[in-house]
Amino acid sequence: MLDPERKNPAVPIEGNQAAALEELHTPPMRLQFGPSHPATHGTVKITLDLEGEQVVWSDVEVGYLHRGFEKECETGYYYQNIPYTDRLNYSSPILNNTGYCMAVEKLFGIATPERCNYIRVIGCELSRMADHMLCIGASAMELAAFTPMLYLIEGRELILDMIDSLCGARVTTNFVRIGGISADMPHNFPEFARPRLDRALKLFEDADKLLTENPVFRQRMEGTGYLSREDLIAWGVTGPLLRAGGEPYDVRKVHPYLVYGELDFDVPVGEHSDNFDRYLVRLEEFRQSRRIILQCLERMPDGPVDADDPRVRWPGKGRVFNRMEELIDQFKLVTEGGMPPAGEVYHAVEAANGELGFYIVSDGTGKPWKCRCRAPSFSNMSPLSKMITGGQLADVVPTFGMINMIGGECDR
Amino acid sequence: MSAEKPEEKAPAAPELSPLLEKVLARLGDRVLERHTARGDDRIHVARERILEVARILRDDPELNFDLLLDVTAIDYFGQPDDFETKLQVWDQNRAVMRRLPQRRHELVLPPRGPEPRFAVVYHLTSTRLAHRLRIKCRVPEDDPKIASVTPVWPAANWLERETWDLYGIVFEGHPDLRRIYLYEEFVGHPLRKDYAKHGEQPIQEYVGPGAKEPRRPH
Amino acid sequence: MAVQVVKVRRPAATFSSANPWIAILKGLWVSIRHFFGNLGLFLRGRQDFAIHFPEQRLVQPPALRGMPVLAQMADGKERCVACGLCEWACPTSCITIYPAETADEVERYPEIFDIDMSRCMFCGLCEEACPEEAIIMSRQIEIASYSRRGSLWHKADLLVPVDQLKTRTDYIRRNYER
Ligand code: SF4
Ligand code: SF4
């Protein structure tokens, strides 16, 4: 499978060094980095060829978490696939729920009510905060900074508490439904959320203080994992990585969905396109997410949370218990699923790692003919080999950490 | 009940979206079909010309499709050419099924058209101009080959490997076409519709390093 | 297009960042502050940072989705009428129902009702699909067992009197009423 003769011609070997190598006849050392390595937070195998400390050739192999998400989706009704999307990016599940449900809504041609959109935005931004906290904490821990990880996990717990009070589960949320959400926000949610957001921000600032000014952390992050802006675009990279390269591409801004068009937030961009900028972009995005949530809590309108569309939303329990028509309706909707018109749609949302798109082909029955997930982690991982080749072995860890590959999403 | 019903979109809308106008002006007769449905623009291209079309779409300053989002395939196994073009037949069938479910064996399935079995689908976007386009290329079953777009967008590298892995479509000119999710000895391509969901794989003998060594006692 | 953009700023190389010892002291100051903060809370008897699990329990929100159980009515019978909707809606097909006839008013009851908890993912779709409010996500979350057979729950194990499920039934009636 691997060709031992293959070398990356992009790495020039200087004259005297080449002569020395010729004399010493040192073959490059083959190092297996992974599949389950303590310094990577994801199951991935990186094969490295090392000349001393320098990586001269590398090969990235993903697929250790492949579960056949798309095949599974083809055999389930539209509503049955929502719990599976939780397992795509398990550190920000509500974002995946929202992406999938919005794609199906686009297929049906349903517009969701205002209050539902605001609650979805809150859920999405909470998930994004949790994801960034986990990404920064885990990457810092892989660089031997353990304390920030503890603070960030503590802060993440607070955010998971909020998600818990929204939907009753911390990680496997199953929150969003086609044409609505599973349950309305608890009436005391704003009072519950505000102190927790403040405390999470305080913990986040502490981790920021520990990391950003730390010379060891900066030396390991600055200038490593560089890829130019043009290369990032050509390799299909999106999300914080692309924005750290100076390209302000954010789906929330360029194709506004839900209520993002009305909210006031900034898109952080970097300029050096290295790991430290990726880290700083994530820091700033965390603060912007908090800003978005506070705005949403302020503006939260009253009203229903479900689209009044009998094709997708199951009738209310009270009516099912007492009336024949609704009971029949419930039976039809559960056993046939909602039937969208035939056709195909692509809908993308900005997930924590980039553009998360769902491409759904419908043949007019209750099950999708094809349900494709465009996973940001997968596209972001593909230039990893290019980023680390030519660098030092020690740079592999921060680069991989900042790509923030989530196995469930990358391998699906 | 909601007051207004979402209107059904006709499959091939006669009016052109502004993006498709630009695309058609540049691509001319390379475009076999174009559709605008639910706000998505889509063109169909012959598979022989995909590389040429890709170059034009990327390099033209008016179009500037520099970001390849996704490459995937659709398997229209035993199904009509395109669900949207045969919409009426399917809708009729559904109405018949609702009225007379016991006669479902008499349904008129839309005849299998001359179109090939697979379609390779590309999703493009432009970071500067913020528009999206979908390209579809039909690929026949007996010769599942299409030119790789890796020279135009390196992002296609892994995405095409994935499509090869799961659908068995060969991308000619790909620098490194091997399976990405599954192991090399895997038989078949799992996302094809004729691969059973609970299909089993033969057990492979381990041939890697250390295979000949005697087993260590646990 | 005009996107509100904010450039991230790198902290300039200051005296402290050039001098590792100062940076370490600064970091130590943050952790020492945390240490004394937590110690103060501990001495005042407040421990909101750790929960000693078997003795203390987390206060769960009313939305909590624990394991699915069957509602048991006052006369000891299940409320389920074996319609099979939950079986159908379950994405992982972990519910098995064998219906049978009864002389009661409802005419049907499940002779066998098994849930394979090792496959259940606590998604709550069965509860949403049930037209009788008979399967309910309880607040029970401690369901570990020593063997695989132990995670197959039969009808007798699943029955829970309705009045113990009041938090959740109230929640369902409030939220699933559209
Ligand atoms: S909670 Fe979900 S997985 Fe578990 S039995 Fe109910 S429907 Fe099935
Ligand atoms: S849906 Fe409710 S009534 Fe029907 S079989 Fe399941 S538990 Fe019983």
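The values are calculated or read from the model by the stated rules, or taken from the named source; none is laboratory data. The structure presented is a predicted model; accordingly, all values stated were derived computationally and were not measured. As a convention, Cβ positions derive from the backbone with ideal geometry for all residues, glycine included, and neighbour counts pool all protein chains shown.
Table: residues versus (1) without any contact (Cβ under 8 Å) to a residue 40 or more places away in the chain; (2) away from ligand 1 (no atom under 16 Å from the Cβ).
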residue: C:E55; (1), (2): yes, yes
residue: C:D75; (1), (2): yes, yes
residue: C:P91; (1), (2): yes, no
residue: C:E105; (1), (2): yes, yes
residue: C:P110; (1), (2): no, no
residue: C:G124; (1), (2): no, no
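If the condition is being under 30 Å from A:R120 (Cα atoms) and charged (D, E, K, R), then the stretch A:212-258 contributes A:R243, A:E247, A:D250, A:R252, A:K253. On the stretch given as the stretch C:129-158, residues that are without any contact (Cβ under 8 Å) to a residue 60 or more places away in the chain and within 10 Å of ligand 2 (Cβ to nearest atom) total 4.
Sort out for me the helices (runs of 4 or more DSSP H) sitting completely within the stretch A:46-145 that have 3 or more residues that are assigned by TED's automatic domain parsing to the domain that holds A:L31 and in contact (Cβ under 8 Å) with a residue 40 or more places away in the chain.
Details: elements: A:69-74, A:82-86, A:93-108, A:114-142.
Filter on the stretch A:46-145 gives an empty set.
C:C94 falls short of the stated requirement of being within 9 Å of chain A (Cβ to nearest Cβ), at pLDDT 85 or above and either more than 26 Å from A:E336 (Cα to Cα) or within 15 Å of ligand 2 (Cβ to nearest atom) (or both). If you check A:L95 against the conditions, is it more than 14 Å from chain B (Cβ to nearest Cβ) and of a type outside the set (S, T, N, Q)? In short, yes.
Can you tell which of A:D184, A:D164 is surrounded by fewer than 24 Cβ atoms within 10 Å (Cβ to Cβ) and under 20 Å from the mean Cα position of the chain (by Cα)? Step through it out loud before you land on a result.
Details: A:D184 fails: under 20 Å from the mean Cα position of the chain (by Cα).
Checking each option against the conditions leaves just A:D164.
For the stretch B:170-197, a residue qualifies if it is within 9 Å of chain A (Cβ to nearest Cβ) and free of Cβ contacts under 8 Å to residues at least 12 places away in the same chain, and the qualifying residues are B:E184, B:Y195, B:K197.
Of all the criteria given as (1) outside any strand (DSSP E or B); (2) at pLDDT below 90, the one not satisfied by B:T163 is (2). Hey, could you check the stretch C:145-173 for residues that are touching a Gly at 6+ places or on another chain (Cβ under 9 Å) and within 16 Å of ligand 1 (Cβ to nearest atom) and say which is nearest to C:V81 (Cα to Cα)? Checked the stretch C:145-173; the qualifying residue nearest to C:V81 (Cα to Cα) is C:L159.
The residue list A:R156, A:R170, A:R218 contains one member that is within 12 Å of chain C (Cβ to nearest Cβ), out of contact with any Gly (no Cβ under 7 Å at 6 or more places or on another chain) and farther than 30 Å from A:I110 by Cβ, which is A:R218.
On the basis of being under 21 Å from A:T43 (Cβ atoms) and either assigned by TED's automatic domain parsing to the domain that holds A:G137 or buried (at least 24 other Cβ atoms within 10 Å of the Cβ) (or both), does A:G354 make the cut? When the stated conditions are applied, A:G354 passes them. Would you call A:E247 out of contact with any Ser or Thr (no Cβ under 8 Å at 6 or more places or on another chain) and acidic (D, E)? The answer is no for A:E247. For the stretch C:30-80, how many residues meet the condition of being of a type in the set (D, E, K, R), assigned to a loop (DSSP other than H, G, I, E, B) and away from chain A (no Cβ under 13 Å)? Here the count works out to 6.
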